[in-house]
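So the structure is just underneath, and the comments pick up after that.
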Amino acid sequence: MSVKRRNPNIHTTDLSKLSWTYVTKNDVKTTDSLRRRFGFDPLDLRDTRPPLQRPKLTVRDEYLFMILLYPVLLKTGAVETIEIDFFIQKDSLVTVNANGSKILEHLFSACSTDGSSRTALQNKVCYDLDVGHLLYRILSELIEQTFPMVVDLSDQINSIEKRMFTDFDKDLIQELLRVKINIVTIRKAIQGHKLVIRQLIQASDGRFPIHRLEAFFQRLVDNTKELWDTLEIQKDTINALHETNASLIDFRINQIMKTLTIFSVIVFPLTLLAALFGMNSINMPLVNHPHGFWIIIIIMLLGTSGMLFIFKRKKWL
């Protein structure tokens, strides 16, 4: 097993039944090298360059060109979408991993290891595989990395639900929106997988060693469907929590506004009464009374108590 390097971004390892070319960049110079070496269609090579393309399968005379998108969890907790491109031939596989999928990088590293130092797991992944088996291994590992993300999203949703009905947390809305965006991002990444993999099975049709593994590739379709169904439930749940949180915020705002309104209604007549007795007009009642101050205070307290009684009776408090 050997690794060949002509372009610093193009690495090739020769396995027992095929060669795997691993491409780490998608700039013009690198794609031109691929065109000269493999004769790929310029339109397909252009699709490997930015921006991200939609998942699709293109059938050519000598190869199949496939684009799939995968979600990747960042250290910040956000999820982003990366693109991986596949050029599938009878005895070779070319993968363009310009966005740096760690899963694909580790798989290629395992298959590039010298035979004497390979572990049992590496032998299982790489030894004596044709292009169909290798492609299945790659796609299986890539889709499997999504399941822990979905499980983690479920835990986050449960945490949000518990916190929502306890003390008010002003950071809760940010976490809720982050989870909501992550769910949408994962859904956008995997939504085309089922169709593309089914097209891959049909397009191989004896020309490529893929059709013999139809049951295995169908398992990938089933895994994608399982992910999609789980994400569908999570989407509905997080939307319901978002609406519930908005209702709780509205309720809290209404409670605050009600409290402020009652306070204003109580304070206004007291302020009016204080202003009237502060006019210094002639013959102002109670001004010259020896207990005038305390009489006015008692009037204010009685007025406040009366309004509170009315509010309580009308169930405004």
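Working carefully through the options Ile262, Ile299, find the one that is outside the structural domain of Ser154 (by TED's automatic domain parsing), aliphatic (A, V, I, L, M) and closer than 30 Å to Thr166 by Cβ.
On the way: Ile299 fails: closer than 30 Å to Thr166 by Cβ.
Result of the check over Ile262, Ile299: Ile262.
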Test for Arg252: is it at pLDDT below 85 and either surrounded by fewer than 17 Cβ atoms within 10 Å (Cβ to Cβ) or outside any helix (DSSP H, G or I) (or both): yes
Yes/no for Ile186 being surrounded by fewer than 17 Cβ atoms within 10 Å (Cβ to Cβ) and either touching a residue at least 40 places away in the same chain (Cβ under 8 Å) or not in a helix (DSSP H, G or I) (or both): no
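Answer with yes or no whether Lys180 is among the basic types (Lys, Arg), within 12 Å of the chain's Cα centre (by Cα) and in the same structural domain as Ala246 (by TED's automatic domain parsing).
Numbers: among the basic types (Lys, Arg): yes; within 12 Å of the chain's Cα centre (by Cα): yes; in the same structural domain as Ala246 (by TED's automatic domain parsing): yes.
Considered against the rule, which asks whether it is among the basic types (Lys, Arg), within 12 Å of the chain's Cα centre (by Cα) and in the same structural domain as Ala246 (by TED's automatic domain parsing), Lys180 comes out as yes.
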Residue list for segment 165-183, restricted to those being surrounded by fewer than 18 Cβ atoms within 10 Å (Cβ to Cβ) and either in contact with a Ser or Thr (Cβ under 7 Å, 6 or more places away or on another chain) or of a type in the set (D, E, K, R) (or both): Asp167, Asp169, Lys170, Asp171, Glu175, Arg178
Inter-residue pairs, beta-carbon under 7 Å, first in contact (Cβ under 8 Å) with a residue 60 or more places away in the chain and in segment 32-59, second in a helix (DSSP H, G or I) and not small (Gly, Ala, Ser), 6+ apart: Leu34/Leu45; Pro55/His193; Pro55/Val196; Lys56/Val196; Leu57/Val196; Leu57/Gln199; Leu57/Leu200
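Matching residues to (1) at pLDDT 85 or above; (2) not acidic (Asp, Glu):
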site	(1), (2)
Glu232	yes, no
Asp236	yes, no
His242	yes, yes
Leu276	no, yes
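The values are calculated or read from the model by the stated rules, or taken from the named source; none is laboratory data. The model shown is predicted, which means the values in this text are computed figures rather than measured ones. Quick reminder, even Gly has a Cβ in these numbers, built from the backbone with ideal geometry, and neighbours come from all protein chains shown.
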